[in-house]
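Following: one structure in structure tokens, then a few remarks.
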Amino acid sequence: MESQATTLVKRLHASRYAIFLPWIVCSLAAFFYFYELCLRVALGTMIPEVQSTLNISVGQIGIISAFYYYAYTPMQIAAGAVIDRVGPRKLLISMVLLCALGSVAFAMANDFILAAAAQFFIGFASAFAFIGVLKLASNWLPIKYFSLISGLTTSLGMIGAMLSNIIIAFLLRDMSWREVWYIFAAFGVMLMVVFYFFCVNRPAITKKVKNTTLQWGEIKADCVLMIKSPFFWVNAIIGGLLYFPTTSFASLWGIPYIMAVYGIDKIEASTIVSMIFFGWAVGGPMAGWLSANYIKKRTLLINGSLLALLLICLALLPIHFSPTMLSVILFLFGVASSVEVLVFEVAAKLFDGRSAGTVASLTNFILMLVCTVLQPVIGLFIDHNSSVSEFRFAMLIIPIGLFIAFLMSFFAYNEKNAE
């Protein structure tokens, strides 16, 4: 299995396209992140349909969604260490397949427990997507490209989320939500086949795994070093508070919120909310490029969190914006909050690029833990208070989190000391 992929990569190495090979490998892996983002946000576009079929409350929908993060978040601790030890190829192939199987399970769910279990397994498998890309990037590219790869991968994922919201809204007019999940499963199987033939750790690493992968003792020592660093915690929590609005508003509650506040249909609400993902798609690579060439990462984190705070406050004000104006506000909000991609390079530089998968996974663990804790809170408020004013009240947790991120950014790691 592995030798076939290695042979293909060797042929590319010997061709005139060799210079593009690192980017091809990382780009292919990034499509797993694209896929898992589609799965992550899908539930938010079909809340009424799932709620009606399974006969559950809005609060239970929030809990089902949270089960994705109950698996995804703790698995970040293990994912990076396992990838550092085993290599990304085998894990990416098997986890894409598990995502497809989880999609089938969700499509077949007939009660709250089975739906939550399916989301749990999808979250478990998805934990390896983003970390796998960063590990491949550390194998194939210099560390200076870390923010760029992180930004481009995030951009691709957000495009997936944006397209998922819009396409699902259209598909639900002609098919059931269960059929949509079967389509997701089929896409996952096709992606697994692509990984089977083209995803490889790297020829040198594939041949000498024992000599090039880290030992468990080294990984454990690096984990202890990270946990003891206050800069690591500040950096990861900032990332979590910047990403939380995307997991809560853009991925889950944004569509029903805009439908309730503005009285518009699902397709138009999905299009408006998708502007946040479009903003991330534009802003992620831009933040990586600016940090690599012109502006310090701490400065970008300070300004990005402040701008995101102001824009989300504007979007949540009791002012009836036109759909076009609201789309522009949410697009700019996505651009501003996309500075979150910088926290992964900051973490890598904190530890001189060692244990790249472990550093990225522990950072992502703290980041997603913030989202896991805060996201169900919004659902509980909405479940008990369905008026527009109380809907807005439930969303106040988002600007509060961004304000804390803004304050913490002043205490982020000063890269001057590392460069």
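Taking only the range 301-329 into account, find how many residues are within 20 Å of the chain's Cα centre (by Cα) and without any contact (Cβ under 8 Å) to a residue 60 or more places away in the chain.
0
List every residue pair whose Cβ atoms lie under 6 Å apart, where the two residues are 6 or more positions apart in sequence or sit on different chains, the first residue falls within the range 145-168 and is within 25 Å of Ile272 (Cβ to Cβ), and the second residue, located anywhere, is of a type in the set (S, T, N, Q) and assigned to a helix (DSSP H, G or I).
Pairs that qualify, where the first residue is within 25 Å of Ile272 (Cβ to Cβ) and the partner is of a type in the set (S, T, N, Q) and assigned to a helix (DSSP H, G or I), are Met162/Ser274; Asn165/Thr45; Asn165/Ser270; Asn165/Ser274; Ile166/Ser270; Ile166/Thr271; Ile166/Ser274; Ile168/Thr45.
Is it the case that the range 235-248 has a residue that's among the polar types (S, T, N, Q) and over 23 Å from the mean Cα position of the chain (by Cα)? Write out each step before concluding.
Quick first cut of the range 235-248, residues among the polar types (S, T, N, Q) only: 235, 246-248.
If we keep only those that are over 23 Å from the mean Cα position of the chain (by Cα) too, we end up with none.
No.
Mind checking which residues of the range 294-326 are among the β-branched types (Val, Ile, Thr) and within 15 Å of Met275 (Cα to Cα)?
Passing the criteria: Ile312, Thr324.
Any idea which of Ser337, Ser361, Ser327, Ser305 is buried (at least 24 other Cβ atoms within 10 Å of the Cβ) and closer than 20 Å to Gly44 by Cβ? Steps first, please.
Details: Ser361 fails: closer than 20 Å to Gly44 by Cβ; Ser327 fails: buried (at least 24 other Cβ atoms within 10 Å of the Cβ); Ser305 fails: closer than 20 Å to Gly44 by Cβ.
Only one candidate qualifies: Ser337.
Of all residues in the range 394-416, how many are exposed (fewer than 15 other Cβ atoms within 10 Å of the Cβ), in a helix (DSSP H, G or I) and modelled with pLDDT under 90?
Looking only at that region, the number is 1.
Would the range 257-280 turn up any residue that is modelled with pLDDT under 85 and buried (at least 20 other Cβ atoms within 10 Å of the Cβ)?
Within the range 257-280 (the criterion being modelled with pLDDT under 85 and buried (at least 20 other Cβ atoms within 10 Å of the Cβ)), the answer is yes, since at least one residue qualifies.
If we scan the range 337-344, do we find a residue that is farther than 21 Å from Lys135 by Cα, under 21 Å from the mean Cα position of the chain (by Cα) and part of a helix (DSSP H, G or I)? Full working, then the answer.
Narrowing the range 337-344 to residues farther than 21 Å from Lys135 by Cα: 337.
This time we only want the ones that are under 21 Å from the mean Cα position of the chain (by Cα), so: 337.
Those left that are additionally part of a helix (DSSP H, G or I): 337.
Yes.
Looking only at residues in the range 60-94 that are within 25 Å of Asp111 (Cα to Cα) and over 19 Å from the mean Cα position of the chain (by Cα), which one is surrounded by the most Cβ atoms within 10 Å (Cβ to Cβ)?
Ile61
Residues to consider are Arg89, Arg40, Arg85; find the one that is at pLDDT 85 or above, assigned to a helix (DSSP H, G or I) and of a type in the set (D, E, K, R).
Details: Arg89 fails: at pLDDT 85 or above; Arg85 fails: at pLDDT 85 or above.
Exactly one of Arg89, Arg40, Arg85 is at pLDDT 85 or above, assigned to a helix (DSSP H, G or I) and of a type in the set (D, E, K, R), namely Arg40.
Which residue out of Ser52, Ser65, Ser103 is touching a Leu at 6+ places or on another chain (Cβ under 6 Å) and of a type in the set (S, T, N, Q)? Outline the logic, then answer.
Working: Ser52 fails: touching a Leu at 6+ places or on another chain (Cβ under 6 Å); Ser103 fails: touching a Leu at 6+ places or on another chain (Cβ under 6 Å).
Among Ser52, Ser65, Ser103, only Ser65 is touching a Leu at 6+ places or on another chain (Cβ under 6 Å) and of a type in the set (S, T, N, Q).
With of a type in the set (Val, Ile, Thr) and without any contact (Cβ under 8 Å) to a residue 12 or more places away in the chain as the only criterion, which of Val189, Val180, Val133, Val193 stands out? Steps first, please.
Working: Val189 fails: without any contact (Cβ under 8 Å) to a residue 12 or more places away in the chain; Val180 fails: without any contact (Cβ under 8 Å) to a residue 12 or more places away in the chain; Val133 fails: without any contact (Cβ under 8 Å) to a residue 12 or more places away in the chain.
Step by step, each of Val189, Val180, Val133, Val193 is checked, and only Val193 is of a type in the set (Val, Ile, Thr) and without any contact (Cβ under 8 Å) to a residue 12 or more places away in the chain.
Every residue in the range 110-137 that is surrounded by fewer than 24 Cβ atoms within 10 Å (Cβ to Cβ) and more than 15 Å from Ile63 (Cα to Cα), please. Reasoning before the result, please.
Step one: of the range 110-137, the residues surrounded by fewer than 24 Cβ atoms within 10 Å (Cβ to Cβ) are 110-114, 116-118, 120-121, 124.
Answer for the range 110-137, where residues must be surrounded by fewer than 24 Cβ atoms within 10 Å (Cβ to Cβ) and more than 15 Å from Ile63 (Cα to Cα): Asn110, Phe124.
Among the residues of the range 301-314, is there at least one that is of a type in the set (Ser, Thr, Tyr), in a helix (DSSP H, G or I), out of contact with any helix residue (DSSP H, G or I) (no Cβ under 6 Å at 6 or more places or on another chain) and farther than 20 Å from Val388 by Cα? Outline the logic, then answer.
In the first step, residues of the range 301-314 are kept if they are of a type in the set (Ser, Thr, Tyr); the result is 305.
Within this subset, residues satisfying the condition of being in a helix (DSSP H, G or I) are 305.
In the following step, the residues that additionally are out of contact with any helix residue (DSSP H, G or I) (no Cβ under 6 Å at 6 or more places or on another chain) were identified as none.
Within the range 301-314, not a single residue is of a type in the set (Ser, Thr, Tyr), in a helix (DSSP H, G or I), out of contact with any helix residue (DSSP H, G or I) (no Cβ under 6 Å at 6 or more places or on another chain) and farther than 20 Å from Val388 by Cα.
The values are calculated or read from the model by the stated rules, or taken from the named source; none is laboratory data. Predicted model only: the values in this text are computed from it and were never measured. Virtual Cβ from ideal backbone geometry, glycine too; neighbours counted across all protein chains shown.
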